[in-house]
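**Q** Got a structure for you, written out below as structure tokens; questions coming shortly.
The values are calculated or read from the model by the stated rules, or taken from the named source; none is laboratory data. Treat the numbers as computed from the prediction; the structure is a model and nothing was measured. With ideal geometry, Cβ positions are generated from the backbone for all residues, glycine too; neighbour counts draw on all protein chains shown. SASA here: full protein model, heavy atoms, side chains in, ligands and nucleic acids out. Shrake-Rupley method; radii C 1.70, N 1.55, O 1.52, S 1.80 Å.
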Amino acid sequence: MRATVIHAPHDIRVEEVPDPAIRQPTDAVVRVLRACICGSDLWAYRGESARQPGQRIGHEFLGVVEETGAGVDGFAVGDLVVAPFVWSDGTCAYCAEGLTTSCPEGGFWGSVGSDGGQGEAVRVPHADGTLVKLPAAAASDDRLLTALLALSDVLGTGHHAALGAGVTKGSTVAVVGDGAVGLCGVLAAKRLGAERVIALGRHSARTDIARRFGATDVVAERGEAALAAVRELTRGEGAHSVIEAVGTEQSMRTALDIVRDGGAIGYVGVPHGSASGVDLGVMFDRNIALRGGVAPVRTYIPELLPDVLDGTIDPSPVFDLSIGLDEVPAGYRAMDGRTALKVLITP
């Protein structure tokens, strides 16, 4: 089959690789119908996250079950399924608690020795604990299928950030970051009942989506000007809840600056750089809570799925460029150059 591999920074290729095969009775093989490029994939692309030459890449996909191991009970050949970005066995203490990303038997797509999502097919370990079945009819609905793909990562990650930030009905929420996760954070905050959602971003194409997703205000300024703008919008107090969806020192400092005393920051931006931007003294003095981390999206999919199916929420606009598998290298260039928000791949 064909799959995307990374050989070196800025060297992404689509190559012939061995077809996936059942190795354990709990495995399934899924033929990929939709995949995408994530902002976190860019850290490997830029050389800021180490990868071995020839390693697979990509961690978001949905598709059709092609084969199952003898130990798979919940799925059959032909089922339409979505995969969260981490596989998990569904039986350990962490999975029972909903923290599927800490499953001892779990792992990330594209890690050494595993298939990546940006290919024609994927071997799925622990299929019963990992995959979620989708309605078969969705396979013929292009918009819905694209929206359902967001369940594999960005929608659940935005939801995780909103929960970490303590978003409640009637609250004021600020979102730092106008990437796909930040935009899904806007969507998640609105879904949880936020009355006011302030999106921080400078790119009109992205802030237009933020408004479509429920943002009531947009702050295009940065640094001190952004702080002043948010304070002005919130009677000088700041936001009850702040979603941090970037992962840099500056973005975390901004989050701390604009959160209200007694408020909370939900952080899901993959950390990168030499410092965190977190000042525990400031957090202590102002009673600020910090919650978040890698999102256990497998836990959230059953809750979010009905709202996507009935159109209550529609994350599909975050995919603003659609390409075939052979065009994946160009898709990385587009996202790296910020000419695309999130690239949809149709193998």
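**Q** Bin all alpha-carbon pair distances of region 230-307 at 10 Å intervals from 0 and give each bin's fraction as a whole percent.
**A** So the P(r) values, bin by bin, are 18, 43, 26, 12, 0.
**Q** Can you compute the modelled spin-label distance between residue 322 and residue 224, with each label point 7 Å from Cα toward Cβ, in nm?
**A** 4.7
**Q** Roughly how many Å² is the accessible area per residue of the chain, as a whole number, for a 1.4 Å probe?
**A** Roughly 41 Å² per residue, with all protein chains present.
**Q** Sort 186-197, 96-107 by packing, meaning the average of other beta carbons within 10 Å per residue, with the highest value first.
**A** Ranking, from highest mean packing down: 186-197, 96-107.
**Q** Another question, then. Please tell me the relative contact order of the chain in percent, rounded to the nearest whole number, where contacts are Cα pairs under 8 Å and at least six residues apart. Present the calculation step by step, with values, prior to reporting the outcome.
**A** Working: 878 pairs, mean separation 63.2, N = 347.
Averaging sequence separation for qualifying contacts and normalising by length gives 18 percent for the chain.
**Q** Right, next: About the Cα centre, and with charges only on the beta carbon of Lys, Arg (+1) and Asp, Glu (-1), how big is the dipole of the chain? Nearest 20 debye, please.
**A** Roughly 720 debye, rounded to the nearest 20.
**Q** Okay, next question. With all protein chains present, how much of the accessible area of region 1-73 (probe radius 1.4 Å) comes from carbon and sulfur, to the nearest whole percent?
**A** Reported share for carbon and sulfur atoms: 45 percent.
**Q** I've got another one for you. Sorted from largest down, what three extents in whole angstroms do the Cα atoms of the chain have along their principal axes?
**A** 60, 39, 37
**Q** Now for a different question. How much length, in nm to one decimal, is gained on full extension between residue 52 and residue 133, taken as 0.36 nm per residue of separation minus their Cα-Cα distance?
**A** 25.9 nm
**Q** If you find the alpha carbon centre of region 242-265 and of region 106-120, how far apart are they in angstrom?
**A** If you average the Cα positions of each part, the centres end up 32 Å apart.
**Q** Given 10 Å bins starting at zero, what is the percent of C-alpha pairs of region 208-341 in each, up to the one with the largest pair distance?
**A** Spelled out per bin, shortest first, that is 10, 29, 36, 21, 4, 0.
**Q** Also, I was wondering about something else. Can you compute the equivalent ellipsoid semi-axes for region 33-167, i.e. the square root of 5 times each eigenvalue of the Cα gyration tensor, sorted largest first and rounded to whole Å?
**A** Calculated on Cα positions only, the semi-axes equal 22, 19, 18 Å.
**Q** Under Stokes-Einstein, with the Kirkwood radius over Cα pairs standing in for Rh, what whole-number D in µm²/s applies to region 119-274 at 20 °C and 1.002 mPa s?
**A** It comes out at roughly 132 µm²/s.
**Q** Which of the listed residues, 290, 145, 199, is farthest toward the dipole's positive end in the chain, when Lys, Arg count +1 and Asp, Glu count -1 at the beta-carbon?
**A** 199
**Q** Give me the net charge of residue 234's neighbourhood, meaning all other residues with Cβ under 10 Å from the Cβ of residue 234; Lys, Arg count +1, Asp, Glu -1.
**A** Charge balance in the 10 Å sphere: +1.
**Q** So what's the convex hull volume per residue for the Cα atoms of region 274-326, in Å³? Intermediate results must be reported in sequence, preceding the final value.
**A** Numbers: hull volume 11.5 nm³, N = 53.
Dividing the Cα hull volume of region 274-326 by its residues yields 217 Å³.
**Q** Taking only C-alpha pairs under 8 Å that are 6+ residues apart, what is the relative contact order of region 88-159 in percent? Intermediate values should be presented prior to the final figure.
**A** On the way: 50 pairs, mean separation 17.6, N = 72.
Relative contact order for region 88-159 comes out at 24 percent.
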